[in-house]
Structure formats: structure tokens, C-alpha cells
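**Q** Quick one: structure below, then a few questions.
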Amino acid sequence: MLRAIFFLTLVTLVHCSPLLVAPQPVTFPLSRRFNLDLSLGNLLQRDQARAKALLDRAARKPGKRAPPSANVGVDNSGTIYLSTVGIGTPPTQYTLLIDTGSSNTWVGADRSYRQTSSSRCTGNGTGPVSMSYGSGSFKGQECFDTITLGSGLTITNQSIGVASQSSGFGGIDGILGLGPVDLTYQSVDGVSSVPTIIDNLYAQGTIPQEILGIYFQPSSESHSPNGELTYGGVDASKYTGAITYTPITSAYPSCAFWGIDQNFTYGSTSLSPGLSGIVDTGTTLLLLATDIYDKYVQATGARLDKNSGLLRITQAQYQNLQNLNFIIGGTTFTLTPNGQIWPRSSNNYIGGDYDSIYLIVGDMGYKSGQGFDFINGYAFLERFYSVYDATNQRVGFATTPYTTSTSN
């Protein structure tokens, strides 16, 4: 009888206990927008300006404020990706730039920040925020609020910058910073660093790992939903084969970002020994250090087009174009000839001729050996699935169904 009672009690306890569901990765769509106001400079000039600002960001030293171009963003990028984010309770919807090259999240550039019951902007323990982006900037204060990234993905008490003054952001409300936490160093007066969106998603048990998966699909249309962002893991339906992981580089200053080591070959010709650089969603082109870039130019026979800032090749040269190979973590990732050209139907966005062929490889403006030898920008990332793993300090890549696409 006692055994029967004990068994009944045990069954009842198990039956009545709440079912604990482990957090799962959550995926949301991204939309691309061309951001090519040529009055701000051609595509190469704007990517070079971003590269310089990234270097300035990494060059900060303890005890000093960031230099004027401490951060980078929308107006230095020719191609940007946007996500709709809710802030407050109830949430106000903001359109934010997705940026793996910066780590602070802020709003108020276009749509003003609206305080709600979950907002805390008392000034106690917080300080002013000020960032410059070359042709754009903002000033404001630090607040704390609830952020809703989508259904089932909410962060409480997240630090955000709220702009009281801003310029140069053209219909975009702010930035969703997805870079490493070290990039927030001294971004707010009175604090050394600020927990990022990913830090708090993980700390609050909302995602299982501090991982981002990013997928872009080649497209020639602006304002088109052709990407997705997965918080807390990866979307296996968007890549083919296995993911190759490589550790964050130890080379400074690339180690401050999502930095990696990689080699390049053009066809069977080596363009470089070991190089260090970064992966950045906010850069449009593939930027190479000048000496590596010069080898690529010589191998392809391309000529610089002054209007667009890009290399231009003839139809005959395109027919002879070889694969551009990226050796990362022992795996070769190949940009086919079509993957090396700007989408021809979008030549008008860059000030190019309708019937010309432009390459997506650009000159960084200085020689290799400085620990910041390349930037794998959107032109690379639209052909490969990328993973940003803060837990294990590594970056991953895999092919997608569009790696060998001929859509350009």
C-alpha cells in the first residue's frame, strides 16, 4: 500500500512539474537597401572611409576617449542591411542598420525615441554618448529599455544610445551593433564597456549560445528582403556542406573585431602569404591591402574607373577571369568570376555605364603587414553563410546554394 501511495505521489509530482523548454535559435529576415548618394563619394571612397574609421576605433587606448571617427556606419556604406526592432513597452518600431563592425545599439536618428513604462533615462550611473561616422554623427545619452527583436526574442534593461542630435542618416533610425563587446570600450562616459545585444540575450537565457548566423542572397534590387539573421545558432536550411570555423585572429588591430587569418590565390597564383583582416557586414566591397590589390589588378588586366571607383574589365577579360580563392581554416572558399563582379543591372547605383563590367575588389589604400590587411565585405558575404561565435571566439563559413550563382 505504501509503495502504491509513493508511486502515485511520484507520478503526480512529475505530471504537475512545469516543463522546462531550452531556449532555441530564432531567425528574422533582413532587407537590403542601396545607400549610394554619390555626393558623399563613390563606392570605393566610402568603403575606404569606413576602413579608416574602423582602424581609429581599434586604436583607442585605456584612459582616453575615442578619436572623432570612433565608429562607423550608415553613410560610409554603399550597401546596408536593415532590421525592424521594437523598443519600449509597448514597443515602438525602429528601422536599424545591422552592423557587425560596431557594438553599440542606438536610436533616434530619424524616428525619435519614445519613453514608455520600461524606459530608464535618469542619468544616474550613465553618461553622454557621442559618435562620429565621417559624414554622419549623433550625440545623446545612455538609456536602458526593453528591446524586442521579434516574436519570442526580448531583452530587458538593455543599454541603448538615444540621440538628441544626429545628421546624415537618411531615413534610418539608428544602429543595431552586433560586433564584439570590446568595441564598446569607453563609448559611454563613466563606464568602461557596455553589454551588447548578444551578451544580454545569452545572459537572460533567451538564446542558447552567443552565436549569430547571417545569410545573404545575391540580389540586384534595393529594399528587397534577401537576408536573414539567426540569434543563438545557425539556420541549417541556408547553407550546404559543413561549417568551417577559424579562431579570432591574434593580430592587432583585427583581433578587436570579427577578425580572421586567411590567404588568397587568384587561379593557381598566390596573392599573399598569411594575412589578417576582418569580416564586416557594413563594408560593401572586398577590400585588399595595396600590394595584394596590385597583384590582383595585374592578374586580371583591369583598369580603374574614376567615376565609380571600381575596377573595370572588358567582356573578353571577364571570359578569362579566374577564381578568387580564400583559404580560411584549411578550407578554400571560392568567388567565381561572376561572384567577383558588381551586379550589372545595378550599375546605375554606382554611377557606372549600363553595359560595363565592374569588379568588387577595392584598394584599402595602404600596404599589408599592419594586422588589418583585408575586409571581407558584403560582396564576399552574399556568397557564403557566416557565423559569429562569441562563446568560442571564432568565425565560421559555409557555402550556400548561391555560392556559384551567375546572377550578377
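Derivation of every value follows stated rules applied to the coordinates shown; laboratory data play no part. Nothing here was measured: the structure is a model prediction, and the numbers come from that model. Backbone-built Cβ (ideal geometry, glycine too); neighbour counts: all protein chains shown.
**Q** Skipping prolines and chain starts, which residues have an amide H placed within reach, meaning under 5 Å, of the one on Y94, given they are 5 or more residues away or on another chain?
**A** V85, G86, I87
**Q** From the square roots a ≥ b ≥ c of the eigenvalues of the alpha-carbon gyration tensor of the range 254-331, which class results: rounded (a/c under 1.5), prolate (a/b over b/c), or oblate?
**A** oblate
**Q** Right, here's the next one. Mind putting a number on the dipole of the range 243-399 about its Cα centre? Charges go on the C-beta only, +1 for Lys and Arg and -1 for Asp and Glu, and I need it in Debye to the nearest 20.
**A** That gives a dipole near 140 debye.
**Q** Report Rg(Cα)/(2.2 N^0.38 Å) for the range 284-375, keeping two decimals.
**A** Here the answer is 1.09, to two decimals.
**Q** Could you sort the peptides 277-285, 208-216 by per-residue average Cβ neighbour count (10 Å cutoff), highest mean leading?
**A** 277-285, 208-216
**Q** Just check the range 243-399 against the gyration tensor rule for me: Cα atoms, a ≥ b ≥ c as the square roots of the eigenvalues, rounded for a/c under 1.5, and otherwise prolate or oblate depending on whether a/b exceeds b/c.
**A** Judged from the Cα gyration tensor, the range 243-399 comes out prolate (a/c at least 1.5, a/b above b/c).
**Q** Same structure again: Of P247, V297, A390, which is farthest towards the positive pole of the range 243-399's charge dipole, taken about the Cα centre with +1 and -1 on the beta-carbons of Lys, Arg and Asp, Glu respectively?
**A** V297
**Q** Please list 388-401, 45-58 highest first by mean number of surrounding beta-carbon atoms within 10 Å per residue.
**A** Going by the mean number of other Cβ atoms within 10 Å, highest first, we get 45-58, 388-401.
**Q** Given the pairs K52/K139; K52/K306; K238/K295; K306/K367, which span a C-alpha to C-alpha distance of over 27 angstrom in this model?
**A** Long pairs (Cα-Cα over 27 Å): K238/K295.
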